[in-house]
Amino acid sequence: MKKFTNLLKKEIRELLTAQLLVSLLFMMALFYFIGDVTKREVAKASGTQTVAVLDFDDSEASRGILKGMEAERFAVQSMAGKTKEQAIQASKDGDAKVLLVIPKGFGQSLTDFQVREIETYSFMRNFSMVGSRTSAILKGVLTAMNNVISDRFLKAKIPESNPDSIKNPIKSRDYVVVKDKMAEGSAVQIAQLLSSQTIFIPVILMMIIIYSSQMVITTVAMEKQNKTLETLLTVPIRRTSIITAKMLAAGLVGLLSAGIYMLGFRSFTGGMTSGLEASSGMTAAMRQLGLSFSTSGYVFLGISLFFAILCALAISMILGVLAEDFRSAQSLIMPVVLIVMIPYFISLFADLNSLSLPVKILVMAIPFSHPFLAVQNLYLQNYGAILAGIGYEVVVFAVLVLIAARIFSSDKILTMKLHWGKKRAKATTV
Amino acid sequence: MSVVLTVQDLKKTYGKLTALQGVSFEVHAGEVFALIGPNGAGKTTTLRIAATLLTASSGSIRFLEYDLRKEPDKVRERISYLPEEAGVYKNMKGMQYLRFMADFYAATPAQEKEYVDRAVAITELGDRLKDKVGTYSKGMTRKILLARALMTKPVLAILDEPTSGLDVLNALDVRAMIRRYAKEGTAVLLSSHNMLEIEYLSDRLALVDKGLILDAGTPGELKDKHKAANLEEVFRSSLR
């Protein structure tokens, strides 16, 4: 155990360099900064919106509509007394995102039940995701105007009525059923909320697996590049201990790196999705449907992820043996990255459980798919599927470790190499 | 002198390439046994098999009472190996490296201290041991590696080209060190293609070429046998 600890400490020290820590902290600070800026922009965009209005009609009806808009989160900036060109210029120079031009006779048309056009000018000042909300604002303005107009009309014609009941005489009471549980709520909203809450999980899984693999492949390749491997292999420590120490160190440092990255990434995307707040009713519905992770759920996910990491580490360990130096190790990590990408993208854009059989078999054969599948299965309480996935990961890991141990205990650790398009050297040191 | 290493009819092939065609020799306690020969003769392969890095295709190799193929872990506790192109963990300080290596062999903290103290004395690097190994010259690196190989006073030290890349003064220091440890009882199996160095350093030697031992004996015996003035002439004569 003493020898193993000695080696483990060395492996961690080799991987956890000051350069790595500085770069991780820098990335985290950068993500936090970008997230903070985005959050402020999103808050600005979803707050009170300034709408410039040039009201040529200036009738009681048009004034009433504008008053109604003010009640619905719009700051109306009057352009009274200006020509249309002057109003456009003034709006362009100001901070209004939309200019409405209400034509003369607008109020009269409403009285006569005539459809009347109003002119709208949208000012696109940038083309970012947040900046392109102008069209949404415009849509909001028109909806608000139509609501005010129709409500006023209905109130005038049928004073004792509720305009909303007349406009929307059919209302639905929505229920969502998940397996044997039922709760009141909208399926669309629940799906959106669930997706916003779990969007990080595949990203975290992918990053941890890729980071750890990169670490372990690097540690083997660096031993070769720095010519320290031969010495290490002749010291009195079991080869399996060398493999385990390298895998454990890489796993721990990979976990730390991914954790730091994720913290930064979370504050970055947190800024992007800060508008998506869960209503208490929806949260209660999700709880009622069992769509929240319990402690045992997290334990299952953790075990599945742990074995996926171990599989990735074992594959990388074998690939590391093939590498001649650090550079070739970086190329060799690509297959692992690509294999992790398959379940990652499928989990983001499709339901892994509803794929066609051949694709499903392919995805299931990838050991890294199972933590991704576990997330979905946990929500559906398919514990049998989760356990089967973990069992499969354990078997794959055992096979891979046996292969790695055999390689490390044989001549192959020194003789196995990939020759990228190069001819095998005829004269070697013998 | 007791036999430490017994090599009998050792053969090694890498695919179609035959590196060793049947090598046999013995190394005794307290002697320096050298393998000399040109590049590609099979010296490094022999040393790597003796160091438990490679396994022989056929033949037998025993260290004391242990069969290397069956009990490599036992063997590794009592031998040390210095590869020709060995490196050191560059992020470690010299002292840190010596402690790290000593920890694998020492059973107690007192023993670890003894090994480290011995290594510090061998390196003669003084305060430079507080610096990172990445800042060392080639000579300093080779010295710290040699110190690592000798600090435990192994039963058998396997040294592949121990003075490779060293300047004259450093090479002299290293040779003196090897002789001193052999005198204290360590058996040394080394390889070199510097025949003058071997003539000074070795008690016995084997001339190796194309995976075969051409001749073996003390430098004096071989020179007499081949009526040669030095080992280079012995080697040329044995090739004929």
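Quick one: how many residues across segment A:152-207 are closer than 30 Å to A:S304 by Cα and part of a helix (DSSP H, G or I)?
Narrowing segment A:152-207 to residues closer than 30 Å to A:S304 by Cα: A:176-183, A:187-207.
Restricting the remaining residues to those that are part of a helix (DSSP H, G or I) gives A:187-198, A:200-207.
Final tally of qualifying residues: 20.
Does segment B:201-209 include one or more residues that are of a type in the set (D, E, K, R), free of Cβ contacts under 8 Å to residues at least 60 places away in the same chain and not in a loop (DSSP other than H, G, I, E, B)? Break it down into steps so the answer makes sense when it comes.
Filtering segment B:201-209 down to residues of a type in the set (D, E, K, R) leaves B:203-204, B:209.
Checking the rest, the ones that are also free of Cβ contacts under 8 Å to residues at least 60 places away in the same chain come to none.
Scanning segment B:201-209, I find no residue that is of a type in the set (D, E, K, R), free of Cβ contacts under 8 Å to residues at least 60 places away in the same chain and not in a loop (DSSP other than H, G, I, E, B), so the answer is no.
What number goes with the only condition from (1) modelled with pLDDT of 75 or more; (2) more than 14 Å from chain B (Cβ to nearest Cβ); (3) exposed (fewer than 15 other Cβ atoms within 10 Å of the Cβ) that A:K422 does not pass?
Condition (1) is where A:K422 drops out.
Restricting to segment B:158-167, and then to whatever is within 11 Å of another protein chain (Cβ to nearest Cβ) and surrounded by 24 or more Cβ atoms within 10 Å (Cβ to Cβ), can you tell me which residue is nearest to B:K43 (Cα to Cα)?
Narrowing segment B:158-167 to residues within 11 Å of another protein chain (Cβ to nearest Cβ): B:158, B:160-161.
Of the ones still in play, those that are also surrounded by 24 or more Cβ atoms within 10 Å (Cβ to Cβ) are B:158, B:160.
Numbers: B:I158: 11, B:D160: 8 Å.
Looking at residues that are within 11 Å of another protein chain (Cβ to nearest Cβ) and surrounded by 24 or more Cβ atoms within 10 Å (Cβ to Cβ), I get B:D160.
Name the residues in segment A:150-195 that are more than 30 Å from A:R287 (Cβ to Cβ), surrounded by 13 or more Cβ atoms within 10 Å (Cβ to Cβ) and touching a helix residue (DSSP H, G or I) at 6+ places or on another chain (Cβ under 7 Å), would you? First the steps, then the outcome.
Restricting attention to segment A:150-195, the residues satisfying the condition of being more than 30 Å from A:R287 (Cβ to Cβ) are A:150-167, A:169.
Keeping just the survivors that are surrounded by 13 or more Cβ atoms within 10 Å (Cβ to Cβ) gives A:150-155, A:163-164, A:166.
Once the filter is applied, which keeps residues that are more than 30 Å from A:R287 (Cβ to Cβ), surrounded by 13 or more Cβ atoms within 10 Å (Cβ to Cβ) and touching a helix residue (DSSP H, G or I) at 6+ places or on another chain (Cβ under 7 Å), segment A:150-195 yields A:S150, A:D151, A:R152, A:L154, A:K155, A:P163, A:I166.
Looking only at segment B:182-200, filter to residues that are at pLDDT 90 or above and surrounded by 22 or more Cβ atoms within 10 Å (Cβ to Cβ); which one of those is farthest from B:K11 (Cα to Cα)?
The residue in question is B:T186.
From the set of residues in segment B:220-240 that are in contact with a His (Cβ under 8 Å, 6 or more places away or on another chain) and either among the aliphatic types (A, V, I, L, M) or touching a residue at least 24 places away in the same chain (Cβ under 8 Å) (or both), which is surrounded by the most Cβ atoms within 10 Å (Cβ to Cβ)? If you could, list the steps in order and put the result at the bottom.
Here is the first cut: in segment B:220-240, the residues in contact with a His (Cβ under 8 Å, 6 or more places away or on another chain) are B:233-234, B:237-238.
Among the residues that remain, those that are also either among the aliphatic types (A, V, I, L, M) or touching a residue at least 24 places away in the same chain (Cβ under 8 Å) (or both) are: B:234, B:238.
Working: B:V234: 27, B:S238: 18.
Once the filter is applied, the top-ranked residue is B:V234.
Which of the residues that make up segment A:233-243 are part of a helix (DSSP H, G or I) and either surrounded by 18 or more Cβ atoms within 10 Å (Cβ to Cβ) or free of Cβ contacts under 8 Å to residues at least 40 places away in the same chain (or both)? Steps first, please.
The first filter runs over segment A:233-243 and keeps only residues part of a helix (DSSP H, G or I), leaving A:233-234, A:239-243.
Once the filter is applied, which keeps residues that are part of a helix (DSSP H, G or I) and either surrounded by 18 or more Cβ atoms within 10 Å (Cβ to Cβ) or free of Cβ contacts under 8 Å to residues at least 40 places away in the same chain (or both), segment A:233-243 yields A:L233, A:T234, A:R239, A:I242, A:I243.
Among the residues of segment B:112-169, what is the count of those that are polar (S, T, N, Q) and at positive phi? Working first, answer last.
Looking only at segment B:112-169, we keep the residues that are polar (S, T, N, Q), and these are B:123, B:135, B:137, B:141, B:152, B:163-164.
Okay, now just the ones that are also at positive phi, so none.
Count: 0.
Quick check: is even one residue across segment B:17-30 surrounded by 15 or more Cβ atoms within 10 Å (Cβ to Cβ), assigned to a loop (DSSP other than H, G, I, E, B) and within 17 Å of the chain's Cα centre (by Cα)?
Within segment B:17-30, one or more residues are surrounded by 15 or more Cβ atoms within 10 Å (Cβ to Cβ), assigned to a loop (DSSP other than H, G, I, E, B) and within 17 Å of the chain's Cα centre (by Cα).
Just to be sure, is A:E41 away from chain B (no Cβ under 14 Å), modelled with pLDDT under 80 and more than 30 Å from A:L256 (Cβ to Cβ)? Write out each step before concluding.
Values: away from chain B (no Cβ under 14 Å): yes; modelled with pLDDT under 80: yes; more than 30 Å from A:L256 (Cβ to Cβ): yes.
Taking the combined requirement at face value, the residue satisfies it.
Which pairs turn up if I take residues in segment A:6-21 that are closer than 12 Å to A:S257 by Cβ and look for partners that are crowded, with 17+ Cβ neighbours inside 10 Å and of a type in the set (V, I, T) with beta carbon separation below 6 Å, at least 6 apart in sequence or on another chain?
Within 6 Å, the pairs are A:L15/A:V253; A:L16/A:V253.
Collect the residues in segment B:134-153 that are within 16 Å of the chain's Cα centre (by Cα) and surrounded by fewer than 21 Cβ atoms within 10 Å (Cβ to Cβ), keeping them in residue-number order. Before you say what the answer is, go through the steps one by one.
Of all residues in segment B:134-153, those within 16 Å of the chain's Cα centre (by Cα) come to B:142-153.
Selection gives B:K153 alone.
Return yes when A:K246 is surrounded by 22 or more Cβ atoms within 10 Å (Cβ to Cβ), within 14 Å of chain B (Cβ to nearest Cβ) and closer than 30 Å to B:S80 by Cα and no when it is not. Write out each step before concluding.
On the way: surrounded by 22 or more Cβ atoms within 10 Å (Cβ to Cβ): yes; within 14 Å of chain B (Cβ to nearest Cβ): yes; closer than 30 Å to B:S80 by Cα: yes.
Criteria met by A:K246.
Please go through segment B:211-229 and pick out each residue that is in a loop (DSSP other than H, G, I, E, B) and either in contact with a strand residue (DSSP E or B) (Cβ under 7 Å, 6 or more places away or on another chain) or among the aromatic types (F, W, Y) (or both).
Taking segment B:211-229 and keeping what is in a loop (DSSP other than H, G, I, E, B), we get B:211, B:218, B:227-229.
Once the filter is applied, which keeps residues that are in a loop (DSSP other than H, G, I, E, B) and either in contact with a strand residue (DSSP E or B) (Cβ under 7 Å, 6 or more places away or on another chain) or among the aromatic types (F, W, Y) (or both), segment B:211-229 yields B:G211, B:T218.
Can you give me the number of residues within segment A:361-390 that are at pLDDT 85 or above and more than 13 Å from A:P202 (Cα to Cα)?
Residues in segment A:361-390 being at pLDDT 85 or above and more than 13 Å from A:P202 (Cα to Cα): 15 in total.
If only one of A:S304, A:S296 is surrounded by fewer than 22 Cβ atoms within 10 Å (Cβ to Cβ) and out of contact with any Ser or Thr (no Cβ under 9 Å at 6 or more places or on another chain), which one is it?
Working: A:S304 fails: surrounded by fewer than 22 Cβ atoms within 10 Å (Cβ to Cβ).
On inspection, the qualifying residue turns out to be A:S296.
Among (1) at pLDDT below 90; (2) buried (at least 17 other Cβ atoms within 10 Å of the Cβ); (3) not in a helix (DSSP H, G or I), which single condition is B:N170 missing?
(3)
Got at least one residue in segment B:12-22 being more than 9 Å from chain A (Cβ to nearest Cβ) and within 17 Å of B:Y81 (Cα to Cα)?
No, every residue in segment B:12-22 fails to be more than 9 Å from chain A (Cβ to nearest Cβ) and within 17 Å of B:Y81 (Cα to Cα).
Right, A:A388: within 30 Å of A:I190 (Cβ to Cβ) and of a type in the set (G, A, S) or not?
Numbers: within 30 Å of A:I190 (Cβ to Cβ): yes; of a type in the set (G, A, S): yes.
Yes, satisfied.
For segment A:26-117, please list each of the strands (runs of 3 or more DSSP E) lying entirely inside it that holds at least 1 residues being surrounded by fewer than 18 Cβ atoms within 10 Å (Cβ to Cβ) and either within 40 Å of the chain's Cα centre (by Cα) or of a type outside the set (G, A, S) (or both).
A:49-55, A:74-78
From A:Y175, A:Y211, grab the single residue that is on the phi < 0 side of the Ramachandran plot and more than 27 Å from the chain's Cα centre (by Cα).
Working: A:Y211 fails: more than 27 Å from the chain's Cα centre (by Cα).
It is A:Y175.
Give segment A:47-62 a look and list any residue that's under 19 Å from A:A87 (Cα atoms), modelled with pLDDT of 80 or more and of a type outside the set (S, T, Y), or say none.
Of everything in segment A:47-62, those that are under 19 Å from A:A87 (Cα atoms), modelled with pLDDT of 80 or more and of a type outside the set (S, T, Y) turn out to be A:V51, A:A52, A:V53, A:L54, A:D55, A:F56, A:D57, A:D58.
The values are calculated or read from the model by the stated rules, or taken from the named source; none is laboratory data. Everything quoted here is computed from the prediction, not taken from an experiment. Here the Cβ is made from the backbone with ideal geometry for all residues, glycine too, and neighbour counts use every protein chain on show.
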